[in-house]
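The values are calculated or read from the model by the stated rules, or taken from the named source; none is laboratory data. Here the structure is a predicted model, which means the values were calculated and not measured. A quick note on method: Cβ atoms are made from the backbone with ideal geometry, for glycine too, and the neighbour counts reach across all protein chains shown. Each accessible area value is taken on the protein alone, full model and side chains, heavy atoms only, with ligands, DNA and RNA left out. Shrake-Rupley method; radii C 1.70, N 1.55, O 1.52, S 1.80 Å.
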Amino acid sequence: MCGGWVQSGLRWGQLFSGFSGEVQSPLSLRQMSIPKGLAYLTVMAPRNLLCMRSNFLFGSRCWMIQFSAEMLFKSVSFRLFGVKYGSADAEPLKNEELLHNLLTMGVDVDMAKRRQPGVFNRVGTNEQDLKMFLLSKGAKEEVIASIISRYPRAITRTHESLSKRWDLWRRIMTSDLEIVNILERSPESFFRSNNNLNLENNIKFLYSVGLTRKCLCRLLTNAPRTFSNSLDLNKQMVELLQEICLSLGHNDPTDFVRKIILKNPFILSQSTKRVKANIEFLQSTFNLNNEELLILIRGPGAEILDLSNDYARRNYTNIKEKLFSLGCTEEEVQKFVLSYPDVIFLGERKFNDKIDCLIEEKISISQIIENPRILDSSINTLKNRIKELVNAGYNLSTSSITLLSWSQKRYKAKLKKLNIG
């Protein structure tokens with residue numbers, strides 16, 4: 001056997017220049033050199049080695065076959081071995097320059113690499129241009145670093161593309177600072193797409209169907225992906241909502257669409273099939289007439305429309321079973337859910353645990369049904385507040401339990417009064 005390493009993809013006749021029969025000891029090491037000015041490679045290796053590995057220098061995966069002699073391998077081309085000279089030498093330097101720039105800017109490079117590693121293989125990036133652009137719009141350096149850390153693809157956008165997109169967003173937002181705040185919260189919303197024509201067409205379309213600047217501002221703030229949707233996708237959803245409005249006997253589809261989007265800004269990013277299924281679920285489950293359904297989906301039930309239909313049905317079934325086990329009637333269950341449709345968002349375990357927690361603290365099921373918003377609070381919050389109120393002499397069995405769902409500030413003020421009393 002032989003001791004040098006040979007890449008299996010090379011044609012042997014092109015590579016062999018000659019070899020000697022010198023035998024090496026099993027533990028002897030040989031060296032490998034790549035003279036820059038010569039047309040051959042000198043390859044040396046330990047004996048008794050046969051494996052497959054990735055070579056960090058050559059950047060290729062190859063079978064390493066051993067030879068017992070020093071070999072002179074003619075190189076067909078330096079490119080074949082992944083070693084590039086001339087202008088190609090600038091690539092690793094470019095990567096080092098990118099890393100240096102990002103570190104200097106305070107970017108969390110490890111986070112950026114985990115999120116979008118492909119960005120670090122690009123030859124051209126615009127991190128310095130991006131920094132100067134955002135600084136000119138009022139963003140702070142730490143905000144810029146955070147944006148790049150969480151969405152590194154931002155550094156691939158050109159200054160021209162950024163300026164055009166920014167101008168389009170300013171048709172909706174009233175100031176640069178508002179846009180900066182959105183970018184800080186959700187950098188993907190601005191940098192995910194560089195299709196400015198699609199953005200412009202979506203803005204024109206949404207204005208054309210009666211959405212006000214206030215509506216679009218809410219969309220851009222809370223559901224910015226709406227503007228990255230294809231124009232056809234947004235058209236399909238708006239047309240469906242208009243059809244639902246007319247089918248329910250309402251003669252103002254523009255007002256209907258606007259109210260639903262204000263209540264549920266995420267609906268334009270959902271499928272029309274899901275919305276149809278949820279409309280049918282609400283109407284059939286609660287035996288609603290057209291007017292009742294119209295009031296529900298324009299108001300508190302709007303957010304249910306983009307929920308997974310299976311998830312909504314499963315949660316409602318669990319709510320019924322749990323409340324039935326506590327002596328509630330079908331009518332009471334429906335009243336409970338319709339008075340606060342958000343309860344359908346609670347998963348089975350979370351809903352059951354909260355009900356059990358309240359029942360254990362001597363709060364009746366009738367009190368819970370009359371005050372469903374208390375289920376918004378976490379179990380820990382419920383337990384802590386119940387303990388504090390009991391210690392303050394507050395009788396939850398005979399008094400209102402609405403303060404269990406109050407804001408922290410309002411609740412603390414009430415508790416302070418109780419303790420003083």
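Annotations for the structure displayed:
- The range 102-136 - residue that is surrounded by fewer than 16 Cβ atoms within 10 Å (Cβ to Cβ) and touching an Asp or Glu at 6+ places or on another chain (Cβ under 7 Å) and, of those, modelled with the lowest pLDDT: V123
- Within the range 206-216, considering residues that are loosely packed, with under 15 Cβ neighbours inside 10 Å and in a helix (DSSP H, G or I), the one farthest from the chain's Cα centre (by Cα): S208
- Of all residue pairs spaced 6 or more apart or on separate chains, those with beta-carbon atoms under 8 Å, a first member in the range 115-143 that is more than 14 Å from I155 (Cα to Cα) and touching a residue at least 12 places away in the same chain (Cβ under 8 Å) and a second member that is crowded, with 16+ Cβ neighbours inside 10 Å and basic (K, R) are E141/K131.
- Scope the range 238-266; condition of a type outside the set (A, V, I, L, M) and either assigned to a loop (DSSP other than H, G, I, E, B) or touching a His at 6+ places or on another chain (Cβ under 7 Å) (or both); matching residues: G249, H250, N251, D252, F256, N264, P265, F266
- Of all the listed residues (E160, E184), the sole one being acidic (D, E), open to solvent by 20 Å² or more (accessible area, probe 1.4 Å) and touching a residue at least 40 places away in the same chain (Cβ under 8 Å) is E184.
- Scanning the range 312-336 for residues that are open to solvent by 60 Å² or more (accessible area, probe 1.4 Å), part of a helix (DSSP H, G or I) and in contact (Cβ under 8 Å) with a residue 24 or more places away in the chain returns R313, R314, E332, K335.
- Some residue of the range 319-338 being closer than 17 Å to L305 by Cα and among the small types (G, A, S): no
Condition check ((1) open to solvent by 80 Å² or more (accessible area, probe 1.4 Å); (2) assigned to a helix (DSSP H, G or I)) across all residues:
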position	(1), (2)
C357	no, yes
K362	yes, no
I369	no, yes
I374	no, yes
K387	yes, yes
V390	yes, yes
S400	no, no
L404	no, yes
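- Failed item in (1) surrounded by fewer than 16 Cβ atoms within 10 Å (Cβ to Cβ); (2) assigned to a loop (DSSP other than H, G, I, E, B); (3) within 23 Å of the chain's Cα centre (by Cα), with A139 passing the rest: (1)
- The condition of being closer than 11 Å to P372 by Cα and either free of Cβ contacts under 8 Å to residues at least 12 places away in the same chain or of a type outside the set (A, V, I, L, M, F, W, C) (or both) holds for only one of D342, D353, D306, that being D342.
- Only listed residue being in contact (Cβ under 8 Å) with a residue 12 or more places away in the chain, over 23 Å from P152 (Cβ atoms) and out of contact with any helix residue (DSSP H, G or I) (no Cβ under 8 Å at 6 or more places or on another chain), chosen from L197, L177, L211, L219: L177
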